[in-house]
Amino acid sequence: MSVPQSALRREQPSWLLDPFDRTDPLRKFSWWQRGIVYQVYPRSFQDSNGDGIGDLDGIRLRLDELVKLGVDAVWVSPIYPSPMADFGYDVTDYTNVHPLFGDLAAFDRLVDAIHQRGLRVILDYVPNHTSDQHPWFIESRSSRDNPKRDWYIWRDPKPDGTPPSNWISEFGGSAWSFDEATGQYYYHAFLKQQPDLNWRNPDVREAMFGVLRFWLDRGVDGFRVDAIHHLIEDTELRDNPVDPDWKPGQSPARRHARIFNLDREEVHACIAAMRAITDSYPGERMLIGEASLPIKQLMAYYGVNAPGFHLPFNFHLIKSRWDPQVIAQLIEEYESHLSPEQWPNWVLGNHDRPRVASRVGPEQARIAAMLLLTLRGTPTIYQGEEIGMADVPIPPERVQDPWEKNVPGLGLGRDPERTPMQWDTSAKAGFTTGEPWLPLSADHARRNVAVQMHDPHSMYSLYRELIALRRREPTLSVGAHVKAGTQGPVLTYQRYHSERWITVALNFSGEMQQIEPGRLDTRRILLSTHLDRTGEDVTSLLTLRPHEGVVLGPQF
Ligand code: GLC
C-alpha cells in the first residue's frame, strides 16, 4: 500500500506567510526541519483492548490529542514481533506487527489516520541486532556451516576458553555468549538475546535494506535508526582499553573506552546506503540516527563522503549538567560544529533516560520546555513531557527492564520513564481498562491531559502555547541562532529570520532576577513560562520571577 503523496502535504496555513515579503519563507524547509517530533512508546501510550499494554489502535484513537497539542510527526518505538526480552528492540520479524500491538491492517489504518491529519509517521528500525529467536539466528546457530552462520558475529574462544575480546555488553556482563552446541561465541552489544548482525555480509545488508523498502512502500515517512554506532566492530576484535574516568555506579560498559566496538568508520557507508534508499522515495522521507556520542563524533553521522542521517539525535541536553553556563556552552559548541546544510535537533528525554521533570525538578522542567521549543533545530517531545510526568518508582516485584534486572540498584533501569501515559481522571488514567503493565504514577488523577487542558497555567497549556508560537513565528522554527550567553543564572539567546528578531531569557534559579533585555526591537513578551505576561512591554530592565522564562519579540 502506498499513500498518494498529495495526501501527505498539509495545507500551508496563512499564518505561516511572511508578513514582510509575502512569500512563504518556509518553502525551502522540509517538514522535518519546521516540525516537531513526538515519541510514542507504544506499550505505554494507549491500550484499546484492555490487556494493559498499549497498541496501534490505541495510538490511532489518540491522534486527535496530538493534533491538538500541535506536533507534526509521530515516532513509534518498535511494534514488531518480539519475545520482548528488550521490549521490542529484540525483533523476530522485521516486516510484521506483534499481535500485542495489532497486525499489518491495524498498522495501515494507523498510517492512513496519521496522514489524513497531515501528520507524518516515523518507525523505529533496529538494524544492529535481531532477537535470538529470529529465524536467521536460529539457522545461524544451528551449525558452523549453515549458510546463515556468517550473518552474525561468531568467533572461537581464546585458547584458554575465554571470550574472544574484553568487550562489555551495554546491559552488563561480557558482550560474548558461548554456544555449547557449536563451540563458538557470538557477539551481542546488548542482551545475549540480541545477537549482533554482521553488517559486513552483503546478504545481511540486502535483507535489512529490504526491510526499509517494505515500510517505505507502506507509506512511512522515515525511520529512527536504533543504536547505529554499534553497527560495525573491529575485524581483529582488539580489546578495548580501560577508561580511567569510569567510576563505580556508572554503566559497566563504560568501564572501557569503546574504540574497537563503537563508532567505527565503516558505519558511515552503511548509513549512506540507507539514506540512498530513503531518498529514492518521493515525499521527503527522512532518517533520524540514534548514536549517543560526543558532539564532534556525532557530526560524522550527518554523512561522511555521502549524505547520512537527516538528524543524528542530539542527546546533550539530557546528559549535561542543568546549569545556565554549561547549557550556553553546549548550545554554542553544537551550533559551531554544524555546517549550513546540517540541521540541528534537540531532545529532553526518551524511553531510555530519566524524565526531564525528575532530572531538573518540576519548575525547571518548564524552563526546559521553553528551551527545547525555542532553540534552532527540530525538537523531539517524549510522551508525557507535555504534562510534566516524572519518573515513577517501581517496586522490585514489578521491575520489567532487563537492564535493571542485570545490574540492579544502580538506577540504570528504564521502567520509571516508561510508565503509562496519563490521559484523564478515570481509574487507570484513561490508558487501559485492565491492569497496566507498569504501575501508573501516583499523581495520575491530578496530572493528566484532561485536567491540564482546562488549566490555563498547566504544563500542558505551556507546551501548547510554545508549540503554537513556534508554528506562528518562522523566526523560532527556522530562524538563525544568535549567540547563547548568560547574565548570572539567566540563559539568553536570540533568533533571527526575515528582519524579525526574538530574544529568549530563561531564569535557571529559584530567585528573582533582573537583566538587561538587549535589543530594542524585542521588548514585547510573547510568552512567559508562567503563562500570564503575554503582551507586556519591557521598558527598562527585564524582571524574571523564580524559574521564569520569557520569549520576547517585536511590538507588532
Ligand atoms: C536503543 C534503544 C533502547 C534499546 C537499545 C537496544 O538504545 O533506545 O531502548 O534497549 O537500543 O536495542
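Couple of notes before you dig in:
- Estimated FRET transfer efficiency (Asp521, Ser292; beta-carbon r; R0 35 Å; 0.05): 0.35
- Contour excess over end-to-end distance, with Cα ends at Thr534 and Ser142 and 0.36 nm allotted per residue: 134.4 nm
- Links that overshoot a 30 Å alpha carbon limit, given the list Lys247/Lys405; Lys148/Lys247; Lys68/Lys428; Lys68/Lys192: Lys148/Lys247; Lys68/Lys192
- Relative packing of peptides 252-260, 320-328, 471-479 - highest average C-beta neighbours within 10 Å first: 471-479, 252-260, 320-328
- Our analysis of region 127-255 gives Rg over Rh at 1.00, with the two radii drawn from alpha carbon positions and Rh computed by the Kirkwood formula.
- Amide hydrogen neighbours beyond the local backbone of Ile168, cut-off 5 Å, H modeled: Ala175
- Over region 107-172, relative contact order from alpha-carbon pairs under 8 Å, at least 6 apart, %: 13 percent
- Candidate lysines for bridging to Lys296, where Cα separation is under 21 Å - those fewer than 8 sequence places away on the same chain excluded: Lys319, Lys483
- Gained length - Met512 relative to Asp93, 0.36 nm times residue gap less alpha-carbon distance: 145.3 nm
- Angle between the chain longest axis and helix 459-472 axis [Cα atoms, degrees, rounded to 10]: 80 degrees
- Short-range pairs are left out: with C-alpha atoms under 8 Å and at least six residues apart, the relative contact order of the chain is 13 percent.
- At R0 = 25 Å, FRET efficiency that the Cβ-Cβ distance of Glu266 and Glu180 yields, to 0.05: 0.20
- Residues Asp243 and Lys158, FRET efficiency given R0 of 25 Å [Cβ-Cβ distance, rounded to 0.05]: 0.65
- Computed [θ] at 222 nm, deg cm²/dmol, the chain (DSSP H ≥ 4; -39,500 (n - 2.57); rounded to nearest 500): -6500 deg cm²/dmol
- Where a label projected 7 Å from the Cα of Asp279 along Cα→Cβ would reach, residues of region 200-214 with amide N under 17 Å: 213
- The chain - Debye-derived log10 I(q)/I(0), Cα point model, q = 0.07, 0.11, 0.12 Å⁻¹: -0.41, -1.03, -1.23
- Semi-axes of the equivalent ellipsoid for region 167-234, Cα gyration tensor, largest first, Å: 27, 15, 10
- Extension gain, Asp64-Gln555: 0.36 nm per intervening residue step, less the Cα-Cα distance, totals 173.4 nm.
- Cβ crowding within 10 Å averaged over residues, with 233-241, 48-56 ranked highest first: 48-56, 233-241
FYI, it's all coordinate maths here, none of it is from the lab. Keep in mind the model is a prediction, meaning the values are calculated, not measured. Glycine also receives a Cβ, built like all others from the backbone with ideal geometry; neighbour counts cover every protein chain displayed.
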